[in-house]
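Okay, so here's the structure we're looking at.
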Amino acid sequence: MTSALILSNCCKPKYLTSLLKPIKASHIRRYSFKSVFKMHEAYLWHVEGDETFNFTFRYTQADLNVDRQFNLSRRVNENVDVFLKRVDTNLGKVLDKKKKKRSRKTQEPLETRDNVEEGKIMLLKGENKVEWEMPCSRLIADPRDLFLMIFDEKYVIKFNAPWVTDIELPTCILAGFPVYPSTFDAMYTDKSHSRFRWYRSRIPKSDNLKKEAESWEIIGEGFIYVPRSEDIGCRLRLSCVPGNENQLGPEVQVEGKSTVEAGPGACPFEIRQQFTKNKLSGKDFRITSYNILADTYADSDYSRTVLFPYCPPYALAIDYRKLLIVKELIGYKSDILCLQEVDKKVYEKDIVSALASVNYNGIFAAKGDTAEGLAVFYDQNRFQLLDNKCAIMSKNVDLNESFKRVWAQVQNENTRQRFLDRNTSLLIVTLQSRDNPDEILVVGNTHLYFHPDADHIRLLQGYFALTECQNTVEFTKKMHPDKNVILILSGDFNSSPGDAIYELMTKKYIPEDHFNWKSNPEQIIENVSLSHDLSLGSACGTPEYTNFTVEFADCLDYIFYQTDKLEVTQVVPMPSKEELSLHGAIPSIVFPSDHVAICADLRWTS
C-alpha cells in the first residue's frame, strides 16, 4: 500500500497520508533500506475481519553473534501455544546454526530444548502469563499490556504501529532542487506525525569502507530537503521514524545511490517567481495552469530524435525533469494548480508527496486508459473541497443537456465518430474559500485534442467543457443558494488566439460559417452555431508563446474567468523569446516542459 491512495477515474479525493489497510507478509520483508529496531520491541498487525495476523521482532545474542529480524504470519484462531512454538522453531533454527558453527570442532551433539514447554518463551498480559489454550484472537481483541518473553528478555508488543514498507531516494539529486523519497510506502502512518532527518557523508561509498569509518552529519529535517552547494559530491541518508496520532514505529534509514550533483544554475521560472514571493490572503488568490509534459510522451526514441532533438537526453528524463517541476510548482505559491499531462506514477510518488509538505491536497483524473491525465491541487489553508467530478467527453454526450442539443445538429458521421473516438477529459473541482466562505469556485481543468486538422473537434470539446462547468455552477447554486458561485475554466486548449475556442470563450458566440467548422474537408460541420451568456476573459491575456518547440510555437494555454465577478490583479510575466530559445527550444536543461506555466492573481469583486 502506498502512502497515498491511487485515484481511479471517479476522482475521489487524494489522501495525503497512509491509509489503514491489511498488512501482508511481503510488507515486512527486507528492502534496500535499514530498519533500526529499538531493543525489546515487537510489532503485531491485524485488521478486523482478517483471518491472519503478522508479527515481527528483532532478537540479538552477543555471545553467538546473532542479530536477526523475525517475521511471522499466523492465523488468528490458532492457540497461543501454537504461535509460541512457531516463534521457538524459527528462533531455534538460527541459534542452532550458530551453535553448530561454534561447536564444529568438538563434534558434540547439540542439546535440543522445547523452550515453550520449559516456560522460556511465553506471552504475558501485564504481569500474568497467558494460558496456552487461549486463541490469539482474544489477545488481538485487547492488545493492551501485552508482552513477549524470550528467555530473560521482555518485549513490549506494539499493536498496529506505524511501519515503513518501502523507501528509496531518487537517482538524480541536484543542488538547489528539492529532494524527497522517490518511494515512500507505509502503513498506519501520517507524515505530519513522522520524523524525517537528512544526513550527508563526504566519504565516497566503497565496498572496502568499514562502517565505523564513515561519518554522517545531520543537515536538515522534514520530508523535503534542498541540497546546498556544500552538499555537492556528498551522499545523502534519510532517517524516518514513522508515526501517527497515537504512537511511533521503528526507524528506517535509506542512503542515496548517487552523490549530489551541481544543478543547471538559475532557471527562468525562478526569475518569474520574484513576482510570487508572498502567499495571497483575503479576497485575493493565485491560480496556475501548466502542461508539465507527460513522461509517456517524452521517453521515446521519437521524442529524443524528432520532437525534442535539441534537448539533452538526461534533461528529457523524468528523473531530472520532475526535480524542476516540483521546484517550479512550489515556488509559484499558488492557491490553485491546474496541471495537464500528469503521469500517474509521477503524481503519486512525486507531486503529491512534495506538495503535501506545503499543505496542498490534490485530485487526479486519468485520461481514459492512458498513463497520464489531469490534476488539480489546492492549498488547504485557503480552500475547502466541496465536490469534484471528471468526465470523458465522448462518454458523457447524453448527460450534458446543453451539449446534447448541439450534438444533435452535427450531421456529419465522420465528425461524430472522430469526436467519440477521443478520450479527452474534463476535471471539475468545486472549492469554497476559507477566508471568504460566501465565495465558491467551480474550477474546470482540461486538455483538448491535438491535431492540425481538428479545430472543429476542439471547438465541440471546448463547448462541452464550458457547458459542463456551467451545469456544475447551477447545481452548486442549488446546493448553496446563499453563496456566490463563480466559474473558472483553465487548461491546454491546443488552440491559438485566432481560433474559435478563444472567440467562443471571450465573445460568447461562434456563427455557422466560422472557418474552424471546415478544418477537415471530410468532416465539415454545417448549420451549427454556439453561444453562451457568461462574461469570460483570459486571465493571462494572449502571451506570444505558452508552447515553444522548434517545429511549433504559439499561445495554447488559458485561464478563463468571469470578468463580472473577478478581477486580475497581477499576471506573472512570461519568459522572453530569448530565454525560451537559449537552448534551441523547450524542454531544455532549465525548462522541464514544452509548455510554459501561466499564472495570475485574481480578486473577488463582490
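Coordinate-derived values only; no laboratory data. These numbers were taken from a predicted model, which means no experiment stands behind them. Note that we place each Cβ from the backbone using ideal geometry, even for glycine, and neighbour counts take in every protein chain shown.
Below, the figures for the structure above:
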item	result
Euclidean distance between Cα centres, the range 292-308 to the range 139-182, Å	39 Å
Anisotropy class of the range 374-483 from Cα gyration tensor, a/c 1.5 cut	prolate
Projected label distance in nm at Lys101 and Gln417, using a 7 Å step from Cα toward the beta-carbon	7.1 nm
R0 of 22 Å, Cβ-Cβ distance Ile203-Glu261: FRET efficiency to nearest 0.05	0.80
Whole-angstrom gap from the range 535-572 to the range 432-450, using each part's C-alpha centre	16 Å
Proximal lysines relative to Lys518, as straight alpha-carbon distance under 24 Å, when same-chain residues fewer than 8 apart are discounted	Lys404, Lys507, Lys508
Whole-number percent relative contact order across the chain, with pairs defined as alpha carbons under 8 Å at least 6 apart	12 percent
Under the Karplus curve 6.51 cos²θ - 1.76 cosθ + 1.60, θ = phi - 60°, whole-Hz ³J(HN,Hα) for the range 368-381, x wherever Gly or Pro sits	x, 9, 7, 8, 9, x, 10, 9, 10, 10, 9, 6, 5, 6
Radius ratio Rg over Rh of the range 202-328, counting only Cα atoms, Kirkwood formula for Rh	1.04
Packing-based order for 457-463, 142-148, using average beta carbon neighbours within 10 Å, highest first	457-463, 142-148
Gyration tensor verdict on the range 163-255 (Cα atoms; rounded if a/c is under 1.5, prolate if a/b is larger than b/c, oblate otherwise)	prolate
Efficiency of FRET between Ala408 and Ala371 - r from beta-carbon atoms, R0 22 angstrom, step 0.05	0.05
Relative contact order of the range 268-604, defined on C-alpha pairs under 8 angstrom at six or more residues apart (%)	22 percent
The range 163-255: relative contact order as a whole-number percent, Cα under 8 Å and 6+ apart	36 percent
Cβ-based exposure ranking for Ser353, Ser289, Ser531, in which fewest neighbours within 10 Å come first	Ser531, Ser353, Ser289
Computed helical MRE - 222 nm, the chain, DSSP H runs ≥ 4 contributing -39500 (n - 2.57), nearest 500	-5500 deg cm²/dmol
Packing rank of 337-343, 233-239, where each peptide gets the mean count of other beta carbons within 10 Å, highest leading	337-343, 233-239
Virtual spin-label span in nm between Tyr302 and Lys508, 7 Å along Cα→Cβ	4.3 nm
Cα gyration tensor, the range 285-430 - rounded (a/c under 1.5), prolate or oblate	oblate
Two-decimal Rg/Rh across the range 25-159, once Rg and the Kirkwood Rh are taken from alpha-carbon atoms	0.98
Gain on full stretching of the segment that runs from Ile271 to Glu245 - 0.36 nm per residue minus C-alpha separation	5.3 nm
Additional length obtainable on full extension of the chain from Thr605 to Leu399, 0.36 nm per residue less Cα span	70.9 nm
Sites Val82 and Val36, calculated FRET efficiency, Cβ-Cβ separation with R0 41 Å, nearest 0.05	0.85
All lysines inside 25 Å of Lys98 as judged from Cα atoms, apart from same-chain residues fewer than 8 positions distant	Lys34, Lys38, Lys85, Lys120, Lys154, Lys210, Lys211
Proximal lysines to Lys345, defined as alpha-carbon separation beneath 23 angstrom and excluding residues fewer than eight positions away on the same chain	Lys12, Lys14, Lys21, Lys24, Lys191, Lys257, Lys322, Lys327, Lys367, Lys389
